[in-house]
Amino acid sequence: MPYLKNINSTKSSRIYATRTVLLLKDDGTLKPLAIELSLPDKDSEVYTPSEDGVEGTIWQLAKAYAAVNDSGYHQLISHWLNTHAVIEPFIIATNRQLSVLHPIYKLLKPHFRDTMNINALARQILINAGGVLEMTVFPAEYAMEMSAVLYKNWVFPEQALPADLLKR
């Protein structure tokens, strides 16, 4: 929880660390069974589904905290970092090292189309200092710091099966 302490030390934001236990139902949907909310240096609390009264309201708040954390992680790490950012070196290497006539270049070109432009726009609007991501998902400098720390641990061979599943 090092980032939780840092984020909660800012004047503008307070967040919980969340952990959710989900049940995969027969119809293929997930049902939350419990949500744990934690703060640094304090005991965590576990909340279970409830529909009525104060417990129902607290359950809705716990689900909201979990959804916000999951959404933030997805946008910053799963989507931006593990999709857009990590593909850039491959695009650059492909453009620099392969002839436009090379079959691999022809195979990759449609998948790489517009990615560099999209990433440049994202850096100007979404993930820059004071950008949308920092203002709405993770406060201040901690968004990019978290992203940088996770990127240092990113290893290409671990992204494919079965290594990816074993790592989880």
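The values are calculated or read from the model by the stated rules, or taken from the named source; none is laboratory data. For clarity, every value in this text was computed on a predicted model and none was experimentally measured. Don't worry about glycine lacking a Cβ; one is built from the backbone with ideal geometry, like all the others, and counts go over all protein chains shown. With ligands, DNA and RNA removed, areas are computed over all heavy atoms of the protein, side chains included. Shrake-Rupley method; radii C 1.70, N 1.55, O 1.52, S 1.80 Å.
Here are some notes:
- Note on His79 and Ser44: their simple-model spin labels are 2.6 nm apart, each label 7 Å out from Cα toward Cβ.
- Around Leu98: net Lys/Arg minus Asp/Glu count, Cβ-Cβ under 12 Å: +3
- Relative contact order computed over region 109-155 (Cα-Cα under 8 Å; 6+ residues apart), in percent: 17
- Residue-normalised accessible area of the chain, given per residue in Å² at a 1.4 Å probe: 70
- Radius of gyration over Kirkwood radius for the chain, both on Cα atoms: the Rg/Rh ratio is 1.06.
- When each of the peptides 11-21, 95-105 is scored by how many other beta carbons lie within 10 Å of its residues on average, the order from highest to lowest is 11-21, 95-105.
- The residues packed around Ser38, meaning those with a beta-carbon under 9 Å from its beta-carbon, carry a net charge of -1 if Lys and Arg are +1 and Asp and Glu are -1.
- Positive contributions from Lys and Arg (+1) and negative ones from Asp and Glu (-1), summed over other residues with Cβ under 12 Å from the Cβ of Trp80, come out at 0.
- Euclidean distance of C-alpha centroids, region 10-25 and region 55-130, integer Å: 22
- Pairs beyond 27 Å (Cα-Cα), from Lys11/Lys152; Lys42/Lys152; Lys42/Lys63; Lys5/Lys25; Lys11/Lys63: Lys11/Lys152; Lys42/Lys152; Lys5/Lys25
- Surface share of carbon and sulfur [accessible, 1.4 angstrom probe, percent] for the chain: 59
- At q = 0.28 Å⁻¹, base-10 log of I(q)/I(0) for region 94-168 (Debye sum, equal scatterers on each alpha carbon): -1.08
- Sequence-separation-based contact order of the chain, relative, with Cα cut under 8 Å and 6+ spacing, percent: 15
- For region 1-67: relative contact order, % (alpha-carbon pairs under 8 angstrom, 6 or more apart): 25
- Ordering of 49-61, 118-130, 73-85 by packing [mean C-beta count within 10 Å, highest first]: 73-85, 118-130, 49-61
- Residues of region 124-148 with amide N under 17 Å of the 7 Å Cα→Cβ point at Tyr3: 126-148
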